[in-house]
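Undergrad: Let me give you the structure first, and then I'll get to my questions.
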Amino acid sequence: MLRQNFEIVKGETFTRDILIKVNDEVYPLNNYTALSEIRPYVGSKTLIESFSCEVFPEEGMIRITLTNEQTNNLPFGILYYDLLLINQENNEHTYYLGGKIIVKKHITEIPT
């Protein structure tokens, strides 16, 4: 599994496009779905939040997203996530990416 950490500012919309590569080549994601969850520590049964995962098969890309409401509800500090790819044809499961999520406070206040 590849490692990538993300920094998220509470209250922002968070989106990342993740390109899936095998042997340095873009991997087509036909018949794949994806799941990604955030937990307080590796192995925890407590689910803090789930990313919305959109698969772009021809581009070999998965877009993970949290709304501003979701990020606003994240606790400050360090959390953990991973990205699970599921091949719907053969039910093969691959944990492709994972790492830490550092949740920070914003500086500029949103005007009211």
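Undergrad: In the list Phe76, Phe56, which residue meets the criterion of being more than 18 Å from Leu2 (Cα to Cα) and in contact with a Leu (Cβ under 9 Å, 6 or more places away or on another chain)?
TA: Checking each option against the conditions leaves just Phe56.
Undergrad: While we're looking at this one, here's another question. Is it fair to say Gly77 is surrounded by 14 or more Cβ atoms within 10 Å (Cβ to Cβ), modelled with pLDDT of 95 or more and on the phi > 0 side of the Ramachandran plot?
TA: It is false that Gly77 is surrounded by 14 or more Cβ atoms within 10 Å (Cβ to Cβ), modelled with pLDDT of 95 or more and on the phi > 0 side of the Ramachandran plot.
Undergrad: Among the candidates Asn73, Asn23, which residue alone is of a type in the set (S, T, N, Q) and closer than 21 Å to His106 by Cα?
TA: Step by step, each of Asn73, Asn23 is checked, and only Asn73 is of a type in the set (S, T, N, Q) and closer than 21 Å to His106 by Cα.
Undergrad: Only one of these conditions is not met by Pro111: (1) surrounded by fewer than 18 Cβ atoms within 10 Å (Cβ to Cβ); (2) modelled with pLDDT of 95 or more. Which number is it?
TA: (2)
Undergrad: Filtering region 89-108 down to residues that are touching a Lys or Arg at 6+ places or on another chain (Cβ under 9 Å) and assigned to a loop (DSSP other than H, G, I, E, B), which residue is modelled with the lowest pLDDT?
TA: Per the criteria, the residue is His106.
Undergrad: Restricting attention to region 59-88, which residues are in a loop (DSSP other than H, G, I, E, B) and without any contact (Cβ under 8 Å) to a residue 60 or more places away in the chain?
TA: Listed by number, the residues that qualify are Glu59, Gly60, Thr67, Asn73, Pro75, Gln88.
The values are calculated or read from the model by the stated rules, or taken from the named source; none is laboratory data. Because the structure is predicted, anything quoted here is derived from the model rather than measured. Note that each Cβ is placed from the backbone with ideal geometry, even for glycine, and that neighbours are counted across all protein chains shown.
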